[in-house]
1. Please go through the stretch 400-423 and pick out each residue that is within 11 Å of the ligand (Cβ to nearest atom) and either open to solvent by less than 20 Å² (accessible area, probe 1.4 Å) or part of a loop (DSSP other than H, G, I, E, B) (or both).
2. Can you tell me which of (1) open to solvent by 80 Å² or more (accessible area, probe 1.4 Å); (2) closer than 28 Å to S210 by Cβ; (3) within 12 Å of the ligand (Cβ to nearest atom); (4) touching a strand residue (DSSP E or B) at 6+ places or on another chain (Cβ under 8 Å) is the one R430 doesn't meet?
3. Which residue is nearest to L399 (Cα to Cα), if the candidates are limited to the stretch 314-323 and must be at pLDDT 95 or above and open to solvent by 40 Å² or more (accessible area, probe 1.4 Å)?
4. Does K388 meet the test of being at negative phi, near the ligand (Cβ under 8 Å from one of its atoms) and open to solvent by 70 Å² or more (accessible area, probe 1.4 Å)?
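The values are calculated or read from the model by the stated rules, or taken from the named source; none is laboratory data. Quantities reported herein were computed from a predicted structural model and do not represent experimental measurements. Don't worry about glycine lacking a Cβ; one is built from the backbone with ideal geometry, like all the others, and counts go over all protein chains shown. What goes into the accessible areas is simple: the full protein's heavy atoms, side chains included, and nothing from ligands, DNA or RNA. Shrake-Rupley method; radii C 1.70, N 1.55, O 1.52, S 1.80 Å.
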Amino acid sequence: MPEEAAARISWFIRLRWLAAAGVLAFAAVGHFLLGLQFTFKPLVVISISIALYNAGFLFLADKTRPEGKWGDRFASIQVGVDILVLTLLMHFGGGIENPFICYYLFHTIISSILLPWWKVALQVLFASVCIATVAIAELAGLLPHHHIGGLLSIELYANWKFVAVAVFAIITTLCVTAFLAASIAQRLHEREKQLAKANTTLAEQDRVKSQYVMRVAHDLAGPAATITSCLQLVTKGLTGPVPDKAMDMVQSAQRKSKFLGHLIKDLLSLSRIKAAKEIPKTEVELQEITNQVFEDLQPHVAEKNLTLEQKIPAALPAVYGNAKAIHELFCNLVTNAVKYTLVGGRVEVSAANKGDEVLVKVQDNGVGIPAEALPHIFEEFYRADNVKVEAIEGTGLGLSIVKQILNTHGGKIWVESEQGKGTTFSFTLRVAGESEA
Ligand code: ADP
């Protein structure tokens, strides 16, 4: 899961800003508030260096997208540099007497989350060597000892028994922590893998279910169309005179059979998109699609005396997608806007280029969507109460189809609406060329 590795590394980098600020804060509090006597300057220089090399890591992470092997190596380098800097801090802050020596544990835990077990073992070995070297070098007088005055009344760094016990305690603590953290992280990774596998199986089962729905909808479409056209022959009087009462019944049946036709068509569309593993994509011009959709809807627009406006700049780049699916996406949203806008209202489709995406808005000043319905409108078969009360017909599948189409195109959709004032659906599609790789 490469994206996850990159996210963990950026989390690690964010933590380091805290560490840099923490060192500076501790140095200031210890020096000015607690009156501890220690060499202040090296700690300030170290905290500034942490911030500087962290900026370097941030730059590298942005430029190289640390994933896979490079991700591992990048995390190892960071942990290694941190351990070296921590060792410098330990040395200038009292050596083996420094109470912050336990901070090595943080890197052991972080390595266990980011790295494979053998690299965690290497990092623990490296930390142990650093700690032991500083402690022994100070004990032997090879390195100067920086005592923190005001903290300890006696100097323990020169007592070999204390040094041996302290080094042993910190190294064994690092080893046990590494073992515990690595085994917990390992179990979590395994659980993640199991979940990912279960997710793939569920998606496959959902696809098989959609294929079944698609077959059923396909088989129903023919007979439903035949029923509608037979009823039409009767209502148009082509089969001879029909008594008034019978005509009412036939007209009602014709309305219902037309609705059944819409429902079957929507079910077929939805299941077709869900059942497809991949759909072919090419460059698609949104202006062309919008013009086609406006033309198809002209009779409804004229009937309601609506103003239909298109604000798509001629220079808008083509998007990368399936022309048929994008036509269906526009058709569903504009049909809804026309359907749910009252006589004399206004519907506008606009688009703008935003970097490697195109942002499209379908706006109307129609009946709007009640606030409590907004979280549900993309659910299958969901219809808001206000449109049911107004007896505006619909299947409740149009927006689910829209959402599925955008999912297969890597786009997002969101809605803003106020009941009685109007609705704006906004969605994104990828610019062609940028996304085809
Ligand atoms: P339907 O066939 O009912 O239009 P959709 O899935 O397309 O089904 O829409 C779901 C519901 O979202 C609609 O029933 C309606 O309540 C609401 N809706 C969608 N678009 C609009 C709009 N432009 N204005 C007001 N309500 C809308």
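1. Selection gives S400, I401, V402, Q419, G420, K421, G422, T423.
2. (3)
3. A323
4. Against the criterion (at negative phi, near the ligand (Cβ under 8 Å from one of its atoms) and open to solvent by 70 Å² or more (accessible area, probe 1.4 Å)), K388 qualifies.
So that you can scan it fast, the table gives a plain yes or no per residue for (1) free of Cβ contacts under 8 Å to residues at least 12 places away in the same chain; (2) closer than 17 Å to N322 by Cβ; (3) open to solvent by 80 Å² or more (accessible area, probe 1.4 Å); (4) not basic (K, R):
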residue: L220; (1), (2), (3), (4): no, no, yes, yes
residue: V234; (1), (2), (3), (4): no, no, no, yes
residue: Q254; (1), (2), (3), (4): no, no, no, yes
residue: K274; (1), (2), (3), (4): no, yes, no, no
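Quick grid of which residues meet (1) within 14 Å of the ligand (Cβ to nearest atom); (2) over 20 Å from I405 (Cβ atoms):
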{"residue": "N291", "(1), (2)": "no, no"}
{"residue": "Q298", "(1), (2)": "no, yes"}
{"residue": "K311", "(1), (2)": "no, yes"}
{"residue": "N332", "(1), (2)": "yes, no"}
{"residue": "N336", "(1), (2)": "yes, no"}
{"residue": "L342", "(1), (2)": "yes, yes"}
{"residue": "R346", "(1), (2)": "yes, yes"}
